[in-house]
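The values are calculated or read from the model by the stated rules, or taken from the named source; none is laboratory data. Source: prediction; values computed, not measured. Every residue, glycine among them, receives a Cβ derived from its backbone with ideal geometry; neighbour counts consider all protein chains shown.
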């Protein structure tokens, strides 16, 4: 970035060109979001202040952001923000960046469940977006959220606090149902709902992933063995033990996993009904299974 | 209305009661505004008499300034009074579409978007990006804003039509003069749910960037949603850096506004047919030219209102143009 008098519009133009040269896929939006973040302006405000000069105090950190983006650091890790269910969440390298498809897990629960009071368990909560957006919508529900990663739980707690529902969600650390087993003696270990966005990418897909995902997001949130089903298999097998009669298990799965997941569900006699729901791209993405 | 509100049972229908209260509030506001203008006018008259009696020159000067200001406010409020259409008080959904002609007209669409956003900012209105589709090289293919505040639709409805730009092209290697076009669509936001009847099964929802596995495999800043209204084939897409949930909400609001406009257009056509009239197609009319070269001017073709300062107009200085149009519509 040459030394000269920079205005917002010059900075954006220059950055778009630089991102393009370096193979960053959506150069203009990335440039606008990063500069807007740094100047504390919305995209609209950036457009309104194209002529505004940008001074050294912002140019130096902006250079740093550009350098990191060129190295494929995800934009959300640079801004520490990602919106989910129209709510703003904090994210950093400790957690998976929420994907739009995952909103369908939340929407399906909210549309299916009409009961006032529900006990819900979320496994592998990560940034806590699922538990938090459910808590915001359903203040009467009691939610327990677990994660194997202590550092992810710190992010999830922060997000629950931001949206004023920390008291409604109990965060427990441990692998899948492990922390629930630990409260076995004094607490209620059965839930009306178990929800999970488990890791489901095959180890063999690693090379084909974009570096933004592969090199920056937590492995534990992405990969699940050679067939990508290691965690899903455990969930389907273990969940019935933790569900109340009529309780439901709801999972996000990978784009090509529906048939195998059907076989797994068919083999598990505890489930009386299940369905696979498509995402907006027409891929079977959400598994909703009930026990009798 | 106040008497009615005090009756027992009035709040049994809370929705109607709330609507009435809102209407009452705005009536009161209008009333106190005109009362204050009328007080100001009579004060000025009294002062004038006094100043004439005393022969007080400096007071007369002050009265002159105040009178000019008052007549300006009066003119503005008179225009607001013309905004009595059923939708004039609603938020406006403003879409800008670049015309044929590549980068130049895409840049022109972006300049127009900025003009409306600036107008909103100066007028202290709420402005929200609902959709933005970038041009290939620069500018915008299309974009949609929602602009709120008093009589947003009433005012902005004056902007509907084709806007033309003449300038030396910054994108032409020889810097030649180019003419670019962009279409501006302005719709009132749809209000009550029953205003437009849409059943959930009539809407198909998908994402138009859906190749590849999606989910955890892909991570992007933007999310995109496309709604198709099956009975009419109407399509609305929204793409922003906001969540898919939020984009779907924007897309739904735009779709409802378009369906409402369509419904009203059909009604107007039927009515005109009954009366044996022909409806002039307002759509596609060139309403205004912005010339940056070889001279500087903005001219509205409907009112012949003109400005020699296109920079100020493009920076949101639109009120004179809007008001000239609204007055011309009265006559």
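Within the stretch B:250-261, does at least one residue satisfy the condition of being in a loop (DSSP other than H, G, I, E, B) and at pLDDT below 95? So that I can check it myself, show each step before the final result.
Kept after step one, since they are in a loop (DSSP other than H, G, I, E, B), are these residues of the stretch B:250-261: none.
The answer is no, given that none of the residues of the stretch B:250-261 is in a loop (DSSP other than H, G, I, E, B) and at pLDDT below 95.
I'd like to check something: does the stretch B:105-123 contain any residue that is assigned to a loop (DSSP other than H, G, I, E, B) and not assigned by TED's automatic domain parsing to the domain that holds residue B:226? Within the stretch B:105-123, one or more residues are assigned to a loop (DSSP other than H, G, I, E, B) and not assigned by TED's automatic domain parsing to the domain that holds residue B:226. For the stretch A:55-89, what are the residues that are assigned to a loop (DSSP other than H, G, I, E, B), over 13 Å from the mean Cα position of the chain (by Cα) and facing chain B (nearest Cβ under 10 Å)? Across the stretch A:55-89, the qualifying residues are A:74, A:86.
Taking (1) in a helix (DSSP H, G or I); (2) within 20 Å of the chain's Cα centre (by Cα) in turn, residue A:265 satisfies each apart from (2).
Residues of the stretch B:108-128 that are out of contact with any strand residue (DSSP E or B) (no Cβ under 6 Å at 6 or more places or on another chain) and within 12 Å of another protein chain (Cβ to nearest Cβ): B:111, B:114, B:115, B:118, B:119, B:121, B:122, B:126. Does the stretch B:25-41 include one or more residues that are in a helix (DSSP H, G or I), modelled with pLDDT of 85 or more and either assigned by TED's automatic domain parsing to the domain that holds residue B:260 or farther than 30 Å from residue B:320 by Cβ (or both)? No; the residues of the stretch B:25-41 include none that is in a helix (DSSP H, G or I), modelled with pLDDT of 85 or more and either assigned by TED's automatic domain parsing to the domain that holds residue B:260 or farther than 30 Å from residue B:320 by Cβ (or both).
Can residue B:225 be described as closer than 22 Å to residue B:93 by Cα and crowded, with 19+ Cβ neighbours inside 10 Å?
Answer is yes for this residue.
Only one of the listed residues (B:201, B:194) is at pLDDT 90 or above, over 30 Å from residue A:95 (Cα atoms) and in a helix (DSSP H, G or I). That residue is B:201. Does residue B:85 satisfy the condition of being in contact (Cβ under 8 Å) with a residue 60 or more places away in the chain and either surrounded by 14 or more Cβ atoms within 10 Å (Cβ to Cβ) or within 14 Å of another protein chain (Cβ to nearest Cβ) (or both)? Here the answer is no, as residue B:85 does not meet what is asked. Summed over the stretch B:147-177, the residues that are part of a strand (DSSP E or B) and within 30 Å of residue B:22 (Cβ to Cβ) give a count of 1.
Can you tell me which residues in the stretch A:105-133 are closer than 13 Å to residue A:153 by Cβ and surrounded by 24 or more Cβ atoms within 10 Å (Cβ to Cβ)? Walk me through how you get there before you give the answer.
Initially, the stretch A:105-133 is screened for residues closer than 13 Å to residue A:153 by Cβ, giving A:122-128, A:131-132.
Across the stretch A:105-133, the qualifying residues are A:122, A:123, A:125, A:126, A:127, A:128, A:131, A:132.
Comparison of A:38, A:46 shows that the only residue that is modelled with pLDDT of 95 or more and surrounded by 14 or more Cβ atoms within 10 Å (Cβ to Cβ) is A:38.
Kindly indicate whether any position in the stretch B:268-281 is at pLDDT below 90, touching a strand residue (DSSP E or B) at 6+ places or on another chain (Cβ under 6 Å) and assigned by TED's automatic domain parsing to the domain that holds residue B:164.
Just the residues of the stretch B:268-281 that are at pLDDT below 90, to begin with: B:268-281.
Those left that are additionally touching a strand residue (DSSP E or B) at 6+ places or on another chain (Cβ under 6 Å): none.
Within the stretch B:268-281 (the criterion being at pLDDT below 90, touching a strand residue (DSSP E or B) at 6+ places or on another chain (Cβ under 6 Å) and assigned by TED's automatic domain parsing to the domain that holds residue B:164), the answer is no, since none of the residues qualifies.
Of the helices (runs of 4 or more DSSP H) lying entirely inside the stretch A:123-231, those carrying at least 3 residues that are touching a helix residue (DSSP H, G or I) at 6+ places or on another chain (Cβ under 9 Å) are A:129-137, A:150-162, A:211-214. Candidates are the residues of the stretch A:197-237 that are more than 13 Å from chain B (Cβ to nearest Cβ) and buried (at least 16 other Cβ atoms within 10 Å of the Cβ); the one that is nearest to residue A:276 (Cα to Cα) is A:236.
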